[in-house]
1. Which one of the conditions (1) of a type in the set (Asp, Glu); (2) closer than 16 Å to Ala10 by Cβ; (3) in contact with a Leu (Cβ under 9 Å, 6 or more places away or on another chain) does Asp97 fail to meet, given that it meets all the rest?
2. Inspect all residues belonging to the range 57-75 and state whether any of them is more than 12 Å from the chain's Cα centre (by Cα), modelled with pLDDT under 95 and buried (at least 20 other Cβ atoms within 10 Å of the Cβ).
3. Which number in (1) surrounded by 19 or more Cβ atoms within 10 Å (Cβ to Cβ); (2) under 28 Å from Ser124 (Cα atoms); (3) touching a helix residue (DSSP H, G or I) at 6+ places or on another chain (Cβ under 6 Å) marks the one condition that Val27 misses?
4. Go through the range 45-92 and give me each residue that's farther than 22 Å from Ile123 by Cα, of a type in the set (Phe, Trp, Tyr) and assigned to a loop (DSSP other than H, G, I, E, B).
Amino acid sequence: MRPTNHALLATGTGAAIWALSGELLAVPLTFATGVLVDADHLPDQIWHFYLKRRPRCFIVLHAWEWLVALSVATVFLSFPWWTVAVTLGYATHILTDHHFNMPHRWGYFLTYRAYRRFRIERISPDWRIEDPLQALLR
């Protein structure tokens, strides 16, 4: 999913949390966790395009395990607005990426990618790594 779509969805989610909690900071916090997750693509892009190494799929922030951890923390801390904002921002990103990017069903599990040695062709053969400059301009 494109960053602009993540931004719109995260902003809407943050606005809903603001409306329910009265905390204006929920909007930028949800935005940050719903959009900045994509920064983890940069190491993969540098690895492949600038270091000329075999494509890898580290994307360490794109993982269902983090969503589980955030959800457990939110429940454990009795649902403070800021953990709800972080968790829902992150959840919107992971859920929409998983749906629209159509990875292997286990592709968004960090443990699965580690088991497959982060080799993109063993994780999801249809995935492609974009050149960072081209990805930024698109």
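1. Here Asp97 meets the rest and fails (3).
2. The answer is yes; a qualifying residue exists.
3. Answer for Val27: the failing condition is (2).
4. Phe79
The values are calculated or read from the model by the stated rules, or taken from the named source; none is laboratory data. This is a predicted model, so every value here is computed, not measured. Please note: Cβ atoms are built from the backbone with ideal geometry, for glycine as well, and neighbour counts cover all protein chains shown.
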